[in-house]
Amino acid sequence: MIDVLTETPVQEPQRIRGLEMPWNRVMGSIEGPASAAKALGPWHPQEFVAECVETVPEAGGMMTFVFRRCDGAPLAFRPGQYVNIAFPVNGDDQEPVDRSYSLSSSPTQPWTFSVTVKRDPGGLVSPWVHQNVRPGTVLDMLGPVGAFHLPDADRRARYLFLAAGAGITPIMSMMRTIHSLAGTADVVVLYHGAEAGGFAFHRELAYIASVDSRIKVFYALGDRGRPEDWEGFSGRLTSAMIDEVAPDANGRQVYACGPEGYLNSATELLRKVGVDDTSIYMEFFSGDRQTLLEYQAELALAADIAGEIAEDIAESAEDYFESQPAAFGMYEPGYDEDGTLQATGLALEAVGPEAPAAAATPAPAPEAQAPDASSFDTVGTGSLTLSFMRTGINVRIDPEEPILGVAQRAGVRIGANCKEGMCGSCKVVRLSGEIDMNHQGGIRKREIDAGKFLPCCSTARTDMVIDA
Ligand code: FES
């Protein structure tokens, strides 16, 4: 009998130089950026419906939700991007609450995709998601979106990934992608957690690091109690820690994701060890950094492209897909007479009687009307008037002031989370007036058409009447 466990010297695999995403050659084969963008079809943000097919509990109070698109298409995305999901938190007859979650799966396995959600006991959405999203749950999504992702091709793929807590989610997508692709790469991961048993994905990370010589994973526990047998790093991120795991950090592209304080200190420390700002990519959901500005510009463009593609599909779904190059013939969607994509997959059985029903299509926005707000009190100074109908107040503002800040100062209750036009939580209905909105995927085209807008990233162009 052969002893399969005997250690024999193993040679390193031979690999092509650098790392290349599988879609890169297809993109390169399309002439010119405009036709490439058009041909990208499934690779660009879209509005779609997906059903949960699996839930996987993870360490650290996290849960992975695996989905598949209901139209049978693969979800094409870049590792590190996120999707915006509408959750019917307040019931199917109420407006859903939108949240953005990073994709944790690899786009090299596009037929299902996953998001990993950390349960925040005081939060509105994450406890609901943990409790209610089950196999069979159907949710509206928009995506993929996000400028925080690996390049499509990298001749010298040398990366340092810094992750803290739930920040491991997009980093996990990147690692799974690199692990699944051929090509030379050199990856160092430094993963900070609050407690020894709280590192999500640690079993898979250990496996990947044990079989893929391109990837090294280091763990660090923060300031709190450490078990005696802890062998990883201790304490917050320091430049010495970075130096130890990656003495050549200044020759690597650095991707970092975690809480804002962690990212702020990572930026300083990376500069200290000689990493140039242009080599640092961060998943930032707040703050006022240059990276955020670039991020906003890229996302705004992505949302525009999504809108254009949605219009193309609405006009003629069949023509649109037939015009795609044969190289994109990854799937053949079915159509009904109106050009609507048909689900062709197997019907899915919900697990257990407690599985929630499918999310209903959001109720249409109330009919636009111009109510009389002349009896309301008026506060503030400025050239324009915002009338908040439910609150019963008029606020005078200047055209360049973001509407959310003005509303909150005047005591108008509008929920808000990211304040960057991404999460959709501040969405309200505009009853009359014109706005300039610079959103980043937090609102769908059909919602804009129905008169909704995101006050956190909007300014008024004229007097306005708002349903808030
Ligand atoms: S979109 Fe997040 S607060 Fe406005």
Exercise for review: Could you tell me whether any residue of segment 414-432 is away from the ligand (no atom under 15 Å from the Cβ) and at pLDDT 85 or above?
Suggested key: yes
Exercise for review: Scan (1) open to solvent by 20 Å² or more (accessible area, probe 1.4 Å); (2) of a type in the set (A, V, I, L, M, F, W, C); (3) more than 25 Å from G165 (Cβ to Cβ) for the single condition A147 breaks and write down its number.
Suggested key: (3)
Point to revise | Complete set of residues in segment 421-432 that are surrounded by 17 or more Cβ atoms within 10 Å (Cβ to Cβ) and hydroxyl-bearing (S, T, Y) | key: S425
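Could you please find all residues in segment 400-413 being more than 8 Å from the ligand (Cβ to nearest atom) and closer than 22 Å to I443 by Cα? Before the answer, list the steps.
Start the filter on segment 400-413 by keeping residues that are more than 8 Å from the ligand (Cβ to nearest atom), which leaves 400-403, 405-413.
Of everything in segment 400-413, those that are more than 8 Å from the ligand (Cβ to nearest atom) and closer than 22 Å to I443 by Cα turn out to be E400, E401, P402, I403, G405, V406, A407, Q408, V412, R413.
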**Study point:** Of all residues in segment 433-458 being outside any loop (DSSP other than H, G, I, E, B) and open to solvent by 30 Å² or more (accessible area, probe 1.4 Å), the one that is nearest to the ligand (Cβ to nearest atom)
**Key:** M437
Practice item. Identify the single condition in (1) open to solvent by less than 30 Å² (accessible area, probe 1.4 Å); (2) more than 10 Å from the ligand (Cβ to nearest atom) that R461 does not satisfy, given that it satisfies every other one. Key: (1)
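Looking at F87, F67, can you tell me which residue is touching a Cys at 6+ places or on another chain (Cβ under 6 Å) and buried (at least 19 other Cβ atoms within 10 Å of the Cβ)?
Values: F87 fails: touching a Cys at 6+ places or on another chain (Cβ under 6 Å).
When all the criteria are applied, what remains is F67.
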Review point. For segment 393-408, does any single residue satisfy the condition of being surrounded by fewer than 17 Cβ atoms within 10 Å (Cβ to Cβ), modelled with pLDDT of 90 or more and either within 20 Å of P88 (Cα to Cα) or over 34 Å from the mean Cα position of the chain (by Cα) (or both)?
Key: yes
Check your understanding: Are there any pairs, at least 6 apart or on different chains, whose C-beta atoms fall under 9 Å, with the first in segment 76-87 and among the small types (G, A, S) and the second assigned to a strand (DSSP E or B) and open to solvent by 10 Å² or more (accessible area, probe 1.4 Å), and if so, which?
Key -> G80/S102; G80/C257; G80/Y281; A86/V97; A86/R99; A86/D140; A86/L142
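The values are calculated or read from the model by the stated rules, or taken from the named source; none is laboratory data. Since we're looking at a predicted model, the values are computed, not measured. Positions of Cβ are generated from backbone atoms using ideal geometry, with glycine treated the same way; all protein chains shown enter the neighbour counts. In case anyone asks, the SASA skips ligands and DNA or RNA and just uses the protein heavy atoms, side chains included. Shrake-Rupley method; radii C 1.70, N 1.55, O 1.52, S 1.80 Å.
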